[in-house]
Amino acid sequence: MAGAIPRCSVRHLQRLFGSCSISAPVRSVRTSSCNRAEEIVIPNRIPRSSTDILEALASTVGRDSSGPHYKYSDDPYLTPASNVAKRSFSLSKESGRKAARWIRDKHSDLFTHRPEDPFIEAFYPKISFTDESDVSEDTLRELMQKCMVSDAIQVYQICKTKGVELSDSVRQELLEFLGYYNCEDALDEDWVEERWYRQGIMSRDRIRNTWKDHGLAEELFKSLSHQGSPAYCALIRGMTRYYQVDRAWQMYQETLEKGIPLDTETYNSLIRVASLMREGSDLRWKLVKEILTAMSEAGVRPNLGTLNSTLESLSQIASWRQTKNLSLQVMAEFNRLGIQASLASYYFLLIIHCRERGPISHILIDIMNHIADKEFSIQDPKDTFFFVTAMDVCRNHLHSKELAKRVDDLLHTGNNYMLIGDSYKESIYYRHYFALSCSTDTVDQFMELYNELVPHIYTPEPGVMEELLKALKVHEALEYLPQLWSDMIVFDHTSREKLLMSVLSAMTCHQPSEDNTKLTEQLATIAWDLWTRVQRMEEDRRNKITWSGPMIGDLLTTLVRCGEYSKGVEVMQKISADPHIVLGSATVDSLQTLLDAAIGNDEADTGVMVVVYAVDAGHQEAADMAKKLGSSLTLNAEHRAKLTSVLGIDIIADLKEKEISES
Amino acid sequence: MIPVVEAASKMSLKCRLFSEFARQQLFRSSPACGLHISATYYAESKAVAEDEEFRTLELGGRKIQRRAQRIQREMPTLPPRYKRQATDQDWGNVWPAPRSFHPATVPLAVRQGYPAKGQAPPDKWGNAELMKIPNFLHLTPPVIERQCEALKKFCTPWPAGLENTEKQEKHFPVTMTKSSYLHSSPSIRDPKSRIVTLKVHLRSLNLDTHARDKLLRLVGDRYDPATDCLTLVADRCPLSQQNRDYCHYLLTVLYNEALKTEPWEHEKEVTDNERYVWQGSPSEAALKVIAAAKGEPVPEADVDKYRDAVAELHNEGEDETTLAKYREAVMKIAGIA
């Protein structure tokens, strides 16, 4: 019998391959060889996406403040420290990427080699559309999916000229698309650095009507066969987004007349711009209430956007006496409806309650009690304003460091740091935190915060640096001054006159003694470095620093007190030779200090130089100084002649008479 | 003599003219860059002014004039990163991923390299050796622990009845192995990822001697006698799924073929045997002759011993132990030992 397969072999093989078959939720294998059936239960694989493992590993890594942000090179020579350098390093890197993209799109015929599998669309030149291209509805949909506004408009025009049939649904989609973007290209999402550094200036200018009247969006609206609710919603929302409030209101009245229902977002957008449609706080609030009533009558459910836009319009009438109560009532009512407030709502509450010229409100404490340790994700564009405003309130309104610490902890829970917004908001946030710490904490605590944040997370601006130096001077914590000076050099603050003045005046508070010789040396080095830096500045620089009298005075005092007498003499010689480099003249105290040192070192030349300078400067004490000099040191004929020429012969003669009379 | 002098003077004249021209260029260049004008220009111009009648003859090469040098603005740099690191810092945050060694970030004073005579090994600054070798600074034990904790949520518990290797083999005798490859390149494909390996122990298969013999002849050197493991490697199809199915098919076919007995298998001859069998061999016949010659039958134990010795000699090969055994067995039979 050829090829007889024993029956048991089939079962045996089934058993062998039993583990390979994929079946029900839990795989179990029954073994036939044993008498009792042993069930091996294999738990199912836990489903995970392609990046879950990476995200899990990334969650184990935190930020280390000893090194720069990951976008910069981690090397002492290549890490930027000053704000200008950080900005230019990241923007220049991005401009390189932009240049690469431009080259790729300009010379698209050179990029035809496509070795990838699967095909990566982002690597290849963008398709440009001409009149001959083969376009259809689907092309239009794809372009809208990719948010390419100008290309979509071009394709639409091509479709029109070619007579390609476009259905109502694609027209509606295109209307919504153009309404959202106002027929203009938005900044590409790939340019993250540009978005990061786009300043708050842009948001300040936005309250201008930029809607394109009778533009493509309205043309599309008219071309729809039937202008129903979606079309009106899209158009009203677009118009309000770009502040064409009059015509938006007109459209709204049309919908009321025609009895067309609107959706929640449209009502929200109308509420948001209500302040622009009326003058007078009570009228504005009346309008908001009207819209809300209309919304409830139409049976449209409010959502988080409704809450935020109501609060936004209230924040624009914040000077009205009823606004505070109204805002709290609004919050309570929406809470009852089960709508959770987002950070934007809290932001609006803060600007309503914590006004500059108003009573102090502790609403931030209640808010923090409510939201501490919670993780937030972006739900409203204005969420990013919360942290900056909260820190501003802590600093200016409440002067509370504990509350600021709580806000900071909230910022660092989970992924909340992403809600800091852009670089401008981040720098303002840290500026407030820093200044608050500077004014409320002890110097040691503050310097701990300084060492943590500076220079990689936050670089202080010149104004903040000035406050810092003042605080150091007030608390007489000059041991931190050398560190601050080296930081100032790295942050490129050494060309600012005010800062140099603060440094010099701080250094005059130092009293050298035996246990702070190191600090004394360091201060002397700083003073001399300051002098050389200013002197080395080229004449035709834009913001060349001119020495002022107090500055030179402080400089001389510091140099002399901290033991660098010879360097002090050098400075004195320079300002004697070229008095025009000093605006005004050195202060009397400094000259007297220098004179005493000269007398101590038995240098009559220097003493005479000082006295001559004092006389030229017009100080009244010059005569006394001359007398002191004359009485302490022996002056030769040349010195006497110099003194006589500037003072008058009396002084020396007086001295001589005194000597004679006393002896 | 004279031509040499003339040539020399011509050369030097040319050089002088050229260098004067170069110097004039220097003078005309923008005052923005700092100029290091050589002092010889003034000296020479003075000399020229004074000695209007005699020109000084200058033989010999001239020093190359320095070109105008731009004064470099010194960029202030930050101190190295390790100075800001606390001794109890979280190292996993500083070095989160594999990275070439960087001396400013690593706070350890490591040295590497062959020391020059009388000196210590080179330190970490600018040390190419330290930068070339792979470092595992991103995998310190606390970091590994942390990463394992983070990955635990993707792991399921080990199934209950599979604690040791015997149980695993009992329930899952077949092992399929496949590799996948990840490249940092535009394409994610790699042809090596289609290769599938199937491993199974022959003791897990229900084979009698004939089937085992036939299977071993069919698979050849895919069987490893040391581990009793049959390995089938499939790479002939473009997809690993196809290769996996092919492995299953191959094992099925081999097993079934091994169990079958073909009608022509009875034609197997003694020389085809895979192992030497003593029964029916010339050696047995010879023993019978010897027994007959001796007159008395040989004891069973000796026969068995002799049989084992001869079989071993043929199957395992000749070496000290097998020869010794054979000698003993023969001596026993001959009655000498």
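As a test of the formula, what do you get for chain A when each DSSP H run with n ≥ 4 contributes -39,500 (n - 2.57) and the sum is divided by the residue count, at 222 nm and rounded to the nearest 500 deg cm²/dmol? Write down the numbers at each step before the final one.
On the way: 33 runs with 389 residues, N = 663.
Theoretical 222 nm ellipticity from helices: -18000 deg cm²/dmol.
May I ask you to list the chymotrypsin sites (Phe, Trp or Tyr not before Pro) in segment B:111-180 that are in a DSSP loop and have at most 12 other Cβ atoms within 10 Å of their Cβ? Working shown, then result.
Working: sites: B:W125, B:F136, B:F154; in loops: B:W125, B:F136.
Here the sparse-neighbourhood loop sites are B:W125, B:F136.
Quick one: net charge around B:T177, please, counting Lys, Arg +1 and Asp, Glu -1 for every other residue with C-beta under 14 Å from its C-beta. If you can, show how the numbers build up before the last one.
Numbers: positive: B:K178, B:K192, B:R194, B:K199, B:R244; negative: B:D235.
Overall, the nearby charge balance is +4.
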Fill in the blank from the handout: Cα-only Rg/Rh for chain A with Kirkwood Rh rounds to 1.16
Completion exercise
With the 8 Å Cα cutoff and a minimum separation of six or more residues, segment A:124-262 has a relative contact order in percent of 23
Problem - Rounded, prolate or oblate (a/c below 1.5 giving rounded, otherwise prolate when a/b exceeds b/c) for segment A:513-606 by Cα gyration tensor - result: oblate
Problem - Residue order, fewest to most surrounding Cβ atoms within 10 angstrom, among A:M148, B:M75, A:M537 - result: B:M75, A:M537, A:M148
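How compact is segment A:60-168 by the rule of thumb for globular proteins, expressed as Cα Rg over 2.2 N^0.38 Å?
Working: Rg = 21.0 Å, N = 109, 2.2 N^0.38 = 13.1 Å.
Ratio of Rg to 2.2 N^0.38 Å for segment A:60-168: 1.61.
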Practice task
May I ask you to evaluate 6.51 cos²θ - 1.76 cosθ + 1.60, the Karplus curve with θ = phi - 60°, for each residue of segment A:183-198 and list the ³J(HN,Hα) values in order in whole Hz, giving x for glycine and proline?
Solution key: 6, 10, 6, 7, 5, 4, 5, 6, 8, 5, 5, 5, 5, 5, 8, 5
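Please compute the net charge surrounding A:H107, taking Lys and Arg as +1 and Asp and Glu as -1 over other residues with Cβ under 13 Å from its Cβ. Provide the component values of the computation, followed by the final result.
Details: positive: A:R101, A:R104, A:K106, A:K126; negative: A:D105, A:D109.
Once all neighbours under 13 Å are counted, the net charge is +2.
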Handout entry: Karplus (6.51, -1.76, 1.60) ³J(HN,Hα), θ = phi - 60°, over segment A:429-435, in Hz, Gly and Pro reported as x
Key = 4, 5, 4, 5, 4, 4, 5
Exercise for the section: Kindly identify segment A:308-439 as rounded, prolate or oblate by the Cα gyration tensor criterion: order the square roots of the eigenvalues as a ≥ b ≥ c, call it rounded if a/c is under 1.5, otherwise compare a/b with b/c, prolate if a/b is larger, else oblate. Expected result: oblate
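Rounded to the nearest whole Å³, what is the per residue volume of the convex hull around the Cα atoms of segment A:124-262? Numbers along the way, then the final one.
Working: hull volume 16.9 nm³, N = 139.
For segment A:124-262, the hull spanned by Cα atoms encloses 122 Å³ per residue.
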Fill in the blank from the handout: Note: B:75-84 gets an average of partner chain Cβ contacts (10 Å, Cβ to Cβ) equal to 6
Exercise for the section: For segment A:86-94, just list the computed ³J(HN,Hα) in residue order, Karplus coefficients 6.51, -1.76 and 1.60, θ = phi - 60°, integers in Hz, with x standing in for Gly and Pro. Expected result: 4, 5, 6, 5, 6, 6, 6, 4, 5
Practice task
Return the average number of partner chain Cβ atoms within 10 angstrom of each residue Cβ along peptide B:85-93.
Solution key: 3
Problem - Mean Cβ count within 10 Å, highest first, over the residues of peptides B:277-284, A:171-178, B:217-224 - result: A:171-178, B:277-284, B:217-224
Fill in the blank from the handout: Longest principal axis of chain A (C-alpha) makes with the long axis of helix A:481-490 (C-alpha) an angle, in degrees to the nearest 10, of 60
Problem - Rounded tilt (10° steps) of A:622-632 against the dominant C-alpha axis of chain A - result: 60
Fill in the blank from the handout: Checked against the positive end of the charge dipole of the protein assembly as shown (+1 on Cβ of Lys and Arg, -1 on Cβ of Asp and Glu, about the Cα centre), the farthest of B:T140, A:L174, A:V192 is A:L174
Problem - Burial ranking of peptide ranges B:84-97, A:106-119, A:332-345, A:475-488 (average Cβ count within 10 Å, highest at the top) - result: A:475-488, A:332-345, B:84-97, A:106-119
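Taking a 31 Å limit on the Cα-Cα distance, which of the listed pairs B:K268/B:K294; A:K160/A:K212; A:K286/A:K374 fall beyond it? Intermediate results must be reported in sequence, preceding the final value.
On the way: B:K268/B:K294 35 Å; A:K160/A:K212 20 Å; A:K286/A:K374 35 Å.
Going by Cα-Cα distance, B:K268/B:K294; A:K286/A:K374 fall outside the 31 Å limit.
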Handout entry: Of A:S73, A:M465, A:L220, farthest towards positive along the dipole that unit charges on Lys, Arg, Asp, Glu beta carbons give the protein assembly as shown
Key = A:L220
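Students often get this wrong, so check it: of A:K71/A:K405; A:K405/A:K470; B:K167/B:K199; A:K93/A:K146; A:K518/A:K574; A:K470/A:K567, which have C-alpha atoms separated by over 21 Å?
On the way: A:K71/A:K405 28 Å; A:K405/A:K470 23 Å; B:K167/B:K199 16 Å; A:K93/A:K146 24 Å; A:K518/A:K574 28 Å; A:K470/A:K567 26 Å.
Listed pairs above 21 Å: A:K71/A:K405; A:K405/A:K470; A:K93/A:K146; A:K518/A:K574; A:K470/A:K567.
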Handout entry: Euclidean distance of C-alpha centroids, segment B:89-136 and segment A:72-134, integer Å
Key = 34
Exercise for the section: Just tell me how shielded B:250-258 is by partners: mean number of partner chain Cβ atoms within 10 Å of each residue's Cβ, no decimals. Expected result: 3
Fill in the blank from the handout: Any residue on another chain or 5+ positions along whose placed amide H is under 5 Å from the amide H of B:R189 is listed here as A:D117
Fill in the blank from the handout: Partner lysines whose C-alpha sits under 19 Å from that of B:K124, ignoring same-chain residues fewer than 8 away, are B:K83, B:K132
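Could you calculate the FRET efficiency of A:T525 with A:E402 from 1/(1 + (r/R0)^6), where r is the beta carbon distance between them and R0 is 41 Å, rounded to 0.05?
Details: r = 39 Å, r/R0 = 0.95.
Working from the Cβ atoms, E equals 0.60.
Is the shape of segment A:260-379 rounded, prolate or oblate, going by the alpha carbon gyration tensor and its root eigenvalues a ≥ b ≥ c, with a/c under 1.5 for rounded and a/b larger than b/c for prolate? Intermediate values should be presented prior to the final figure.
Values: a/c = 2.17, a/b = 1.22, b/c = 1.78.
Cα axes put segment A:260-379 in the oblate bin.
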Completion exercise
Summed over the other residues with a beta carbon less than 13 angstrom from that of A:A577, with K and R at +1 and D and E at -1, the charge totals -2
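Between A:E39 and A:H475, what is 0.36 nm times their sequence separation minus the Cα-Cα distance? Round to one decimal in nm.
Working: separation 436, 0.36 × 436 = 156.96 nm, distance 7.65 nm.
Result: 149.3 nm gained on full extension.
A short reminder: the numbers here are calculations on the coordinates, not readings from a lab. Please read all numbers here as calculations on a predicted model, not as lab measurements. Virtual Cβ from ideal backbone geometry, glycine too; neighbours counted across all protein chains shown.
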